[in-house]
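Colleague: Questions regarding the structure given below will be posed in turn.
Rule-based calculations on the coordinates, nothing more; no lab input. Bear in mind the structure is a predicted one, so any value in this text is a computation, not a measurement. Cβ placement follows ideal geometry from the backbone for every residue including glycine, while neighbour counts extend to all protein chains displayed.
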């Protein structure tokens, strides 16, 4: 039996459909990938992450966004929804609803997505010129002290991988 070719979807068609959709999908290389619903634990960690980042950034020039804001990576063509993103200064957006200049991206890792997140998506994230750090928040345990990974070439060093004292990837809501 011959396999059917997957039809190519243009970025414009993806965005048009995505803006009307009842659920979120990611887009890469002409393909649309429906995002699975999050578990209660994943949602709690992501919410706590946004709350902690927001509190830490309050009054400064940086702002935090939750997973409702789509991030567009022009270098790779990926449209994705990180669990949290941070912008310092003015947000740069493509077509009003696609963030292009995060300085921090945070992803809550689950057993089913962590390999993709830490390999393929990590490579996509590395191509964002403004990105300084990526935060991986394991959903199965409390995060290790080096949950933050500086973007290669961003000037980060091994010591900058240690999370700041105000930041923790919250695993259970006990923060």
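Colleague: Can you give the FRET efficiency to the nearest 0.05 for residue 62 and residue 127, using r as the Cβ-Cβ distance and R₀ = 25 Å?
Modeller: My answer for the efficiency is 0.70.
Colleague: On full extension of the chain, what length is gained from residue 92 through residue 38, given 0.36 nm per residue of separation minus the C-alpha to C-alpha distance?
Modeller: 16.7 nm
Colleague: Still on this structure, please answer the following. Between residue 111 and residue 31, what's the calculated FRET efficiency when r is the beta-carbon distance and R0 is 25 Å? Round to 0.05.
Modeller: 0.60
Colleague: Quantify how much of the Cα-Cα distance distribution of segment 1-107 extends past 16 Å, in percent.
Modeller: When all Cα pairs of segment 1-107 are counted, 62 percent exceed 16 Å.
Colleague: Among DSSP beta bridges lying fully in segment 29-134, give the percent that are antiparallel, nearest 5.
Modeller: 75 percent
Colleague: Run the simple label-point estimate for residue 21 and residue 8 please: 7 Å along Cα→C-beta, distance reported in nm.
Modeller: Label-label distance for residue 21 and residue 8, simple model: 2.0 nm.
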